[in-house]
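Everything on this sheet refers to the single structure shown next.
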Amino acid sequence: MIKIVSTIGLSTVQDLGRDQNYRHGVSIGGAMDRLALALGNALLGNPEGAASIEATLYPFKIEFLSDMDCAVTGADSSADLDGQRLPTNWAFKAKQGQVLTLNRLVSGSFAYIALRGGIDVPEILGSRATHLRCTFGGYEGRMLKPGDILNADRPQQNARTLPEGGFGAESPQTALTAPKSLYHSDSGITLMRYLPAAEHPHFDDTSLKDLVQTPWQITPQSSRAGFRLSGPTLRLKETLEMRSHGIVPGVIQVPPGGAPIVQTADSQTSGGYPKIGTVIEPDLWRLAQTRIGSNIQFVETTYAEAIAAHREMQAYLANVRSLTETYRDFLQ
Amino acid sequence: MTIRSKLEQLKTRFLDIVALAKPSNSHALEIGESTLPFPAGVNGSSRSANSTASKKLVARASGVYLPTHPDQSMPAAQLGDIVTKGDRLGFIKMGPLLTPIVAQIDGSITNICCQSGQTVEYGTVLFEIEPKGTSL
C-alpha cells in the first residue's frame, strides 16, 4: 500500500492502454512512454502492462504504508528514497514508512513508478489507464491527489522479491540504436523516425524538405493527446478536402495553419487533417521524453527499419526480463 | 638549467609522490581522467603495513565493472572515500542489467582493485575497505 504525499498535478495511473474499443471512439491512452512502463514491470517480474504511476510534474512524493518492491523508470527525476539517491531505471525494496521523492527533472519528462504486482485499480474496457478527458479508468478517473491510497495487486507466483541494494537497467537511450539524420548531429535535438503517410505527396517540395531538414520545437500547447510543433509552415500543393478518418498515436497531422501536430497516447481516434507522416511506434517514447521547448528532428525511414527498431526494443525488454529472473534466482 | 634536466628533476619528484601515494596492491594511479600505471620499482608506502586490516569487497555477479553509472558523470565512489554499510560503490553490468556493488562494512576505501570496463567474475576482489576505527 502506498499513499500519495504530494503532487502538483498531472500524475495518473497508466498501463499500456485500451486498444479494443478504438472503433467505438475510445482513445488508446495509457503511458506516454510505454517502453519505460514495460521496463519497470520487467525489473519487478510483473506482467508487461501492469498499471503504474505516471508523473510529469515534480516534486512528486509517495509514502510506503507497507514493505514493497518498487521500480522508478523513464525520465531522470533525481529520485531518492528517504534521501538516498536512486540511480535511473532502478528497482529496490522499500520499507514501511519510507518516502520516495521524484525531485526534479534532470532529463526526460515522464517518470514511472511501478509496484510489485502492479497497481490495483478496476479494469475498465480492458485497461487500468486513466482517461482524463472522459474521467474514467485509473484512480477514480482522475489525477492523483495528496492523501490518495493505492494498493498493489498480488504478485504473480513466479515474481521473486528483490535482492538487497536493488538493481537496475541500462537506460533505453544508451541501450538502443539511436536514429541518425543526414542533416543534424546536434545531441540536443531528439531524432525521430517517421514513415510517409497518405497525404505526403500532396505537400510542396519546400515543405517536404523543411520536414526533415529543420528542427521543430515542441510548443507549450502540447498535452497527452498531441505535441504541437513550431517551425516552418508546411503547405499543400493545392487545397485538400478530406473526410474524417481513423488516426493513431504517431500520426503527424498538418492543420490549415501549417504547424504539425504529432498525435500521442490520448490521441482522438479520428481526424480530417492531411497526414504528412507517422512517427514509428518504437520512437514514440523518444518524443514523450522530449521536453516542451526542446527541438526534435524528423528522419524518414522505411517499413523494414521500423520493424527492426521495434524488434530491437522488444529484445531489450526481453533481455532485461530474463536476466532479472536469472539474477534474482542466483541471489536467492 | 636545460629543459631535459628540469624534466628529469620533475620525473624524480613525481616518482617520489607516487611512491608516497601508492596504496598496497594497486597497479595504477588515477590523475584527472587519465590512469597511469605505477612504474616498476615504485613500492607502496607504509600504508601497506596495515593492509591486512583491510576487508576485501568481492563481486556478487559476473559482468563488466563500471565505477560510474552510464547516466551519471561522477563515479559512485573514489579512493579514500568514507563509506557506510549499504552504500553503492559502483556497478557490474550484465547485458542491459546494472547490479550494484554494495559496501558490507563502514570504513574507508583503501584500494580499488579493478579498472573501469574490466570483466569481473563472482568473487573477483573489487575494493579493499579499511574498517572504521582502524588507524592508518
Sorted by mean Cβ packing within 10 Å, highest first, what order do the peptides A:186-192, A:266-272 take?
A:266-272, A:186-192
With -39,500 (n - 2.57) per DSSP H segment of 4 or more residues and division by the full residue count of chain A, the 222 nm estimate, nearest 500 deg cm²/dmol, is -5500 deg cm²/dmol
By the gyration tensor of its Cα atoms, with a ≥ b ≥ c the square roots of the eigenvalues, what is the shape of the protein assembly as shown: rounded for a/c under 1.5, prolate for a/b over b/c, or oblate?
oblate
Per residue of A:166-179, count partner chain C-beta atoms within 10 Å of its C-beta, then hand back the mean as an integer.
4
Which whole number gives the average, over all residues in B:86-98, of C-beta atoms from other chains lying within 10 Å of the residue C-beta?
6
List, in the order given, every pair from A:Lys145/B:Lys85; A:Lys61/B:Lys56; A:Lys61/A:Lys275; B:Lys56/B:Lys93; A:Lys95/B:Lys132 whose Cα-Cα distance in the structure shown is over 30 Å.
A:Lys145/B:Lys85; A:Lys61/B:Lys56; A:Lys61/A:Lys275
Given a cut-off of under 8 Å on Cα pairs at least six residues apart, what relative contact order in percent is computed for chain A?
20 percent
Sorted peptide list for A:250-256, A:199-205, A:297-303, A:52-58, criterion being average Cβ within 10 angstrom, highest first:
A:52-58, A:250-256, A:297-303, A:199-205
Residue-count net charge about A:Thr206 - beta-carbon cut-off 14 Å; Lys, Arg +1, Asp, Glu -1
0
Kindly identify the stretch A:210-292 as rounded, prolate or oblate by the Cα gyration tensor criterion: order the square roots of the eigenvalues as a ≥ b ≥ c, call it rounded if a/c is under 1.5, otherwise compare a/b with b/c, prolate if a/b is larger, else oblate.
oblate
Other chains' Cβ within 10 Å of B:70-78 residues: what's the mean?
3
Between helix A:303-331 and chain A, what is the angle of the helix's C-alpha long axis to the longest principal axis, kept within 0 to 90° and rounded to the nearest 10?
10 degrees
For A:Phe64, the net charge from surrounding residues (Cβ-Cβ under 9 Å; K, R +1; D, E -1) works out to 0
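None of the figures in this text is laboratory data; all of them are computed from the coordinates on show. This one's a predicted model, so the numbers in the text were calculated from it and none came from an experiment. Every residue, glycine among them, receives a Cβ derived from its backbone with ideal geometry; neighbour counts consider all protein chains shown.
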